[in-house]
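The values are calculated or read from the model by the stated rules, or taken from the named source; none is laboratory data. These numbers come from a predicted model, not from an experiment. When we count neighbours, we look across all protein chains shown, and the Cβ atoms used for this are built from the backbone with ideal geometry, even at glycine. Surface accessibility is based on the protein's heavy atoms, side chains included, excluding ligands, DNA and RNA. Shrake-Rupley method; radii C 1.70, N 1.55, O 1.52, S 1.80 Å.
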Protein chains: 4
Amino acid sequence: MQFTSDNAAAVHPAVWKAMMAADAPDAPYDNDALSRRLDGAFSALFGRECAVLWTATGTAANCLALASLVQPHGAAVCHREAHIEMDEAGAPGFFLHGAKLLLADGASAKVTPQTLAAVVDIIRDDVHQVQPHAISITQASEYGCVYRPDEVAAIAAFAKTRGLGLHMDGARFANAAAHLGCTPAEAAGDVDVLSFGFVKNGGMSAEAIVFFDVEAARAIRYRRKRAGHLQSKGRFMAAQILAMLENDLWLDNARAANAAAAEIAAAAPGRLLHPVEANEVFLTCTAAEREALRGAGFAFYDWGADAARLVTSWDARAEHVGPLAKAIASL
Amino acid sequence: MQFTSDNAAAVHPAVWKAMMAADAPDAPYDNDALSRRLDGAFSALFGRECAVLWTATGTAANCLALASLVQPHGAAVCHREAHIEMDEAGAPGFFLHGAKLLLADGASAKVTPQTLAAVVDIIRDDVHQVQPHAISITQASEYGCVYRPDEVAAIAAFAKTRGLGLHMDGARFANAAAHLGCTPAEAAGDVDVLSFGFVKNGGMSAEAIVFFDVEAARAIRYRRKRAGHLQSKGRFMAAQILAMLENDLWLDNARAANAAAAEIAAAAPGRLLHPVEANEVFLTCTAAEREALRGAGFAFYDWGADAARLVTSWDARAEHVGPLAKAIASL
Amino acid sequence: MQFTSDNAAAVHPAVWKAMMAADAPDAPYDNDALSRRLDGAFSALFGRECAVLWTATGTAANCLALASLVQPHGAAVCHREAHIEMDEAGAPGFFLHGAKLLLADGASAKVTPQTLAAVVDIIRDDVHQVQPHAISITQASEYGCVYRPDEVAAIAAFAKTRGLGLHMDGARFANAAAHLGCTPAEAAGDVDVLSFGFVKNGGMSAEAIVFFDVEAARAIRYRRKRAGHLQSKGRFMAAQILAMLENDLWLDNARAANAAAAEIAAAAPGRLLHPVEANEVFLTCTAAEREALRGAGFAFYDWGADAARLVTSWDARAEHVGPLAKAIASL
Amino acid sequence: MQFTSDNAAAVHPAVWKAMMAADAPDAPYDNDALSRRLDGAFSALFGRECAVLWTATGTAANCLALASLVQPHGAAVCHREAHIEMDEAGAPGFFLHGAKLLLADGASAKVTPQTLAAVVDIIRDDVHQVQPHAISITQASEYGCVYRPDEVAAIAAFAKTRGLGLHMDGARFANAAAHLGCTPAEAAGDVDVLSFGFVKNGGMSAEAIVFFDVEAARAIRYRRKRAGHLQSKGRFMAAQILAMLENDLWLDNARAANAAAAEIAAAAPGRLLHPVEANEVFLTCTAAEREALRGAGFAFYDWGADAARLVTSWDARAEHVGPLAKAIASL
């Protein structure tokens, strides 16, 4: 009974169906009919003009997005536990040609204008110090917490006053939007570019980079190819994404994962290390308790010496979640 | 009736079947059971120890392979019409951190020890000139011609005497092996690393980097992740490749594509610009003749002002190939 | 009697004097009084607003200049024998983060709008091919030939129509200006940025990057520091350059070198491989003839199997030049 | 009366003398007689075989040194206030092609095996996390404190057990050696490569990279040229360094600077934020006190809101130092 991560979950049947339906040969790369529908689909979803590029991973999506905002001699500011800092093998340094990541603090891996200012405002504007060019926030955060629209707005306003671009790592954007119950545009706010994740949420191998500054997407098309991320059978990438958007499947899947997480969280509210607002649950949990849970057949990652991280997927099964909640409650 | 390229052809049913069979959640990245079978599968195929990494594109495969051989301050030597020079948007410069490509000549995009020496041996070994670190050959070449085992051996020997690594871009390796009728090991020869292509040959989105120097693969695992090419649902990548290897489907598909190309070539041997040894046919063809063919419903790319390039795919249909051959014969 | 190159000649006394006069401590980096005078000095020299950065080598000057014009995913177009292609150890690939150099032809290493178009206009504007972002011309060229103002104007016009930036590698700009007898502004023409060489012309270790687009210099200040080229005792760099500008010492030195080259050229006009318009003389010369010259005490480089390259410096000595001219005449 | 930094101090007369004596033309780059003496000079100084490269700045020296130890996909571990992290404009990211800097703690900017282990040992060896490849320590540290030989030995032993290279940023190595009163070899310890600083200590524009692993220097020769740091009139670079080594001028200059710092420190031992072991003095000092000192004609940098940083140079003048010490004592 897997609660290790949502990053290797099964693929939703609608996605399989769409991929197979796309099998008939079409133009290569992103010139096929399905890829050509993406801009319109996301523009409709966000109620504003978007330029959309698919890529195979969130790492590539994040880094190509940041490449539109950060010059090689600059830096991106992110939370010190941001995925781009912790778990992307230095991908930002690669894609951004050596640009730095400047690390900010914040509870539950959420930065605020204050924590950003603490990093940004102490940098002298001279050539000796790397200047920030953009901010990157993760929605939902690496601890499964969600930025409210007013929080994103405050960060966007801060970014504007400091002349910085704003990127949103939305590996779990769906879960954030599901939690907020608002429109996607409200969940994203006034960011320049969003890495809209689908793989964790029922897709197979396609994520979307959504540029709200459509001009900025132009150079990134070259850089995507240059990074080996322009697949020739691109219709299968677009098919996955369009299937996820259809009938708001992305939102339904996220709601399901969130609900499962909420059920687990409700079992032991006193153990929660962070509010459960998406599909991740961080619990204080001794080594012995973790062993007991594993002995009962539940798989999950330790989080340091005395905590556990549980992640629910779009296909969370009631016959797994219920027992887990019970088992935690009775620890 | 599509003869533009094999890079956007349909996906073979066995590949779909294998991907769907892999749907049950497994470990993420390349820790799943299928990915773990790759080393053994290719070791058996080549009759020698291999370390294998999947990636989504031939561009990524080529560049990550070259990264194991070329330092940033060095260069790779390739044919001046090599895909890595002409059509990868500068990807080698990106992945190799600014290393150069030194261009050699050769008929039908095949280099020889002589044409390589003409480039390599004039370089002074001093710090002012970029030193070659490796050679990259494309098997089958960009003009659909195949290196015979003795030709690869001569290049490998040359590489050894000059202290250079040797990479084989095998986007159409299957077609080459099918043409040669020899073992894969004989078709690859004594190269250090092979980009073994599957996408053009019936796969969907997975290529393999086959390291014959298994130690060299170690650093490239980090670089693959760093380049955003370590997909989390890696089992679907491995599933495609294993399905292609099973029962030599890769070879059957390539034979089919080659046979279709041979049929077309036989229709107008006097028009051939290059020997047809794989699945590409380059024909002299006036603008008017090309218009006539297009008028008859055949799609293909112009090749300069007075030639056409026809590419056959694994799923070449007799009811398309026959008429095309006839149409060309009667031009 | 050295005619190998002008790149290791002595330093002019006025430059020594200026460096020693600058010894009193001043602000570090480029905040000292002398560095602060550079913009004004070059603005006066060119009759237009300039932003000027010093660097220690022409390689750094060229690459930092190009960095203001070429994005990592783009390319610079230059002559196939351009110094940046042949003798900078791949520095453009390093500083430009993997951007390519696209090579054009032209007699005496001078490109023309036609030879540039032959390279630029065949590039499809799609993501598979690296797009040119700038042109780089060398004034005087690598064969010691000079672009006339109308030639530079034609290239600048071509660049404008194609949306490309224009860089001038002026390692021997002084020699070109001396040859043309026109103003520096006329010798440079409508380029965006000029690497103005001083080291070969009597300086010690300082070259100037002259930005005619002063805004473009801003980002390059960061990149200069980032490349380890912002020396802390920058006043000594500025001192060299200002000494070279004072009383047009740069022009006098170049005239002297040019005159010496002209004297040598006049000795054997029939042997000249290229017009002698600066301070380099390329002569057909058999191996035996070269041996004879060396036996007479003249040092120079072979240029291929049957030619010699002679370079005169600012401090060319009549008692060396005369005998060399005689010796060549009597071969 | 300047105590802002030692990085823009005057040049020692012996250095001027040596540069002028080197004026006669010689082979270019580092092929001249003086440059060819460097390996031997440093080998004698350190009592072991060295390969030495000059560069114009400490930034270039540090980064080229690290390039011999750190692969692009790796990281260097340094103190969080290390110069390479704080004040080199992201140069490590540039020269190391995107490698990261992992930051460790330690009093007075000195790391220890414990603080290094706290960073290094928590990194999982998998492809998601950037792996450390080397450690960089600054001797004397950024707070003017010196690693004793046993401290360097402990770090070197730690590096060996973890398979990491070890670099020493010796911008003020002379001051450290002067303080320790031991041999240079003892002051450097078992590091792989040392950036031996001379500019701050009486030189003009030359620093030395001293490779104790002489094979490692080979690739760096290419990278130095590639980075635009191979000056053509290299004899002037070597001349500076040889002049500094002659008769231990480097040590005398450092002793003078250290003595001046010690004199200042002795004036107010209660104010010292860090032990004064080199030529930097960090004092608690209110804004009003700093204003008073400035009013008395002393120039220095603030260090945060309530401290000052005073730096003494090789040419510290008694008639400046004495009054400063007095002024501080009477605050």
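Structure summary
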item: Filter result (open to solvent by 40 Å² or more (accessible area, probe 1.4 Å), closer than 17 Å to residue B:130 by Cβ and in contact (Cβ under 8 Å) with a residue 40 or more places away in the chain) within segment B:70-85; result: B:71
item: Filtered residues of segment B:8-21 (kept if touching a residue at least 12 places away in the same chain (Cβ under 8 Å) and more than 9 Å from chain A (Cβ to nearest Cβ)); result: B:12, B:14, B:15, B:17, B:18, B:21
item: Qualifying residue in segment B:239-249 (condition: outside any loop (DSSP other than H, G, I, E, B), open to solvent by 30 Å² or more (accessible area, probe 1.4 Å) and without any contact (Cβ under 8 Å) to a residue 40 or more places away in the chain); result: yes
item: Members of segment A:198-224 that are assigned to a loop (DSSP other than H, G, I, E, B) and more than 14 Å from chain B (Cβ to nearest Cβ); result: A:212, A:213, A:214, A:215
item: Test for residue C:5: is it open to solvent by 10 Å² or more (accessible area, probe 1.4 Å), within 11 Å of chain D (Cβ to nearest Cβ) and either of a type in the set (S, T, N, Q) or closer than 30 Å to residue C:325 by Cβ (or both); result: yes
item: Conditions (1) in contact (Cβ under 8 Å) with a residue 24 or more places away in the chain; (2) part of a loop (DSSP other than H, G, I, E, B); number of the one not met by residue A:60; result: (2)
item: Candidates A:61, A:118, filtered to the one that is surrounded by 24 or more Cβ atoms within 10 Å (Cβ to Cβ) and either out of contact with any Cys (no Cβ under 9 Å at 6 or more places or on another chain) or closer than 27 Å to residue A:277 by Cα (or both); result: A:61
item: Residue satisfying condition, being within 9 Å of another protein chain (Cβ to nearest Cβ) and among the polar types (S, T, N, Q), within set B:115, B:59; result: B:59
item: Residue C:130 being facing chain B (nearest Cβ under 9 Å), touching a residue at least 40 places away in the same chain (Cβ under 8 Å) and open to solvent by less than 40 Å² (accessible area, probe 1.4 Å); result: yes
item: Some residue of segment D:35-50 being open to solvent by less than 10 Å² (accessible area, probe 1.4 Å), within 12 Å of chain C (Cβ to nearest Cβ) and in contact with a Leu (Cβ under 8 Å, 6 or more places away or on another chain); result: no
item: Residue match in segment A:40-55 (condition: among the β-branched types (Val, Ile, Thr), over 16 Å from the mean Cα position of the chain (by Cα) and at pLDDT 95 or above); result: no
item: Hits in segment A:177-194 (condition: part of a loop (DSSP other than H, G, I, E, B), without any contact (Cβ under 8 Å) to a residue 60 or more places away in the chain and open to solvent by 20 Å² or more (accessible area, probe 1.4 Å)); result: A:181, A:182, A:189, A:190
item: Segment A:85-106: number of residues that are at the interface with chain D (Cβ under 10 Å from one of its Cβ atoms) and more than 20 Å from residue B:97 (Cβ to Cβ); result: 4
item: Answer from B:260, B:238, B:227, B:178 - the residue that is closer than 28 Å to residue A:11 by Cα and more than 11 Å from chain A (Cβ to nearest Cβ); result: B:238
item: Every pair of residues 6+ apart whose Cβ atoms lie under 9 Å, when the first sits in segment C:203-228 and is closer than 22 Å to residue D:233 by Cα while the second is part of a loop (DSSP other than H, G, I, E, B) and basic (Lys, Arg); result: C:203/D:233; C:204/D:233; C:205/D:233
item: Subset of segment D:210-246 (residues that are touching a Lys or Arg at 6+ places or on another chain (Cβ under 8 Å) and among the small types (Gly, Ala, Ser)); result: D:232, D:238, D:243
item: The lone exception for residue A:221 - which of (1) open to solvent by less than 10 Å² (accessible area, probe 1.4 Å); (2) closer than 25 Å to residue B:226 by Cα it fails; result: (1)
item: Enumeration of residues in segment D:167-176 that are closer than 26 Å to residue C:55 by Cα and either among the aromatic types (Phe, Trp, Tyr) or assigned to a helix (DSSP H, G or I) (or both); result: D:173
item: Qualifying residue in segment C:69-84 (condition: within 13 Å of chain D (Cβ to nearest Cβ) and closer than 24 Å to residue D:231 by Cβ); result: yes
item: Enumeration of residues in segment B:269-285 that are open to solvent by 10 Å² or more (accessible area, probe 1.4 Å) and more than 28 Å from residue B:182 (Cβ to Cβ); result: B:270, B:271, B:284
item: Yes/no for residue D:26 being among the acidic types (Asp, Glu), in contact (Cβ under 8 Å) with a residue 12 or more places away in the chain, open to solvent by 10 Å² or more (accessible area, probe 1.4 Å) and facing chain C (nearest Cβ under 8 Å); result: yes
item: Number of the exception - residue C:93 against (1) among the small types (Gly, Ala, Ser); (2) under 26 Å from residue C:42 (Cα atoms); (3) without any contact (Cβ under 8 Å) to a residue 24 or more places away in the chain; (4) open to solvent by less than 40 Å² (accessible area, probe 1.4 Å); result: (2)
item: Selected residue (only one of C:292, C:266, C:288, C:305 is surrounded by fewer than 18 Cβ atoms within 10 Å (Cβ to Cβ), assigned to a loop (DSSP other than H, G, I, E, B) and free of Cβ contacts under 8 Å to residues at least 60 places away in the same chain); result: C:305
